[in-house]
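I have placed the structure first, in the form of structure tokens, so that the comments after it can refer back to it.
The values are calculated or read from the model by the stated rules, or taken from the named source; none is laboratory data. From a predicted model like this one, the values you see are computed outputs, not experimental measurements. Every residue, glycine among them, receives a Cβ derived from its backbone with ideal geometry; neighbour counts consider all protein chains shown. Heads up: the accessible areas ignore ligands, DNA and RNA and are worked out on the full protein's heavy atoms, side chains in. Shrake-Rupley method; radii C 1.70, N 1.55, O 1.52, S 1.80 Å.
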Amino acid sequence: MVLKQWLQRGSHWIKQAMPGYCAFCLAPALAGRGWCATCLDELPWNIHACRQCGEPVAHQTPLCGHCLIELPAFSATQAGLLYQGGIKALVHDFKFHASPRAGTLLCNLMLLTPPTAMGDALVSVPMHPSHARTRGFNQSHWLAEQLSQQLGMPIVTGRRIKDSRSQRTLNRQQRAANLAGAFVFESPPPAHLVIVDDVVTTGATGHALANAALEAGAQRVDIWAAARTPLG
């Protein structure tokens, strides 16, 4: 019984990694895609979202309560999916196991729902050098490179100068304080910059990076992410 379960689990992993199979249900995928038509329809799409931070809101509500009280430094967020179910598993596989297929799927899903204004250049969220050495993989930079190749858009780089602790256990106010002054741009960025990331939770990272870009000379900064964590 144990051997049978192990073989079934191994078969599941193999099919997830192989082209031709839907990454979510393992049925045959649409031609040239990593998903089937049914799963594409059933993905947790972020249909009604705050135009500023991407948080799910009631229909026809332009801004969430947080952005009504205090607008972030970035102007708009495009996050076509919610960080739930199969998307959460896909992001986890990409972020913590550096799965190239998971990253490619996320990139292709992002291209299905691009920002209204594409901007002049893309920028990934930079890691502090000590974190980069430990982690060895920056999922934000990987996505930015793939999107840059697909769209023919340049990439500019920022630098992280503050080795902040992990954001995972922090609340909204703590996240903002944790990242205050964390980023710099050593050369002036273009007028309209688009931050690329895998998941937006409170927008604290985007806010800190956007602040740095605006201080360095950018006129507008937006966020383009694969998914948005619903905060409710």
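Structure values in brief
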{"read-out": "Flag for Ser75 being polar (S, T, N, Q), open to solvent by less than 60 Å² (accessible area, probe 1.4 Å), assigned by the TED database to the domain that holds Phe185 and in contact with a Lys or Arg (Cβ under 7 Å, 6 or more places away or on another chain)", "value": "yes"}
{"read-out": "Options Met110, Met118; residue that is of a type in the set (A, V, I, L, M, F, W, C) and closer than 13 Å to Val194 by Cα", "value": "Met118"}
{"read-out": "Residue within the range 101-112 that is in contact with a Gly (Cβ under 9 Å, 6 or more places away or on another chain), assigned by the TED database to the domain that holds Thr202 and loosely packed, with under 15 Cβ neighbours inside 10 Å present", "value": "yes"}
{"read-out": "Residue in the range 131-144 that is closer than 14 Å to His207 by Cβ, open to solvent by 40 Å² or more (accessible area, probe 1.4 Å), over 17 Å from the mean Cα position of the chain (by Cα) and at pLDDT below 95 present", "value": "no"}
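Okay, residues lined up against (1) open to solvent by 30 Å² or more (accessible area, probe 1.4 Å); (2) in the same structural domain as His141 (by the TED database); (3) modelled with pLDDT of 95 or more; (4) out of contact with any Pro (no Cβ under 9 Å at 6 or more places or on another chain):
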position	(1), (2), (3), (4)
Glu186	yes, yes, no, yes
Asp198	no, yes, yes, yes
Thr205	yes, yes, no, yes
Glu215	yes, yes, yes, yes
Val221	no, yes, yes, no
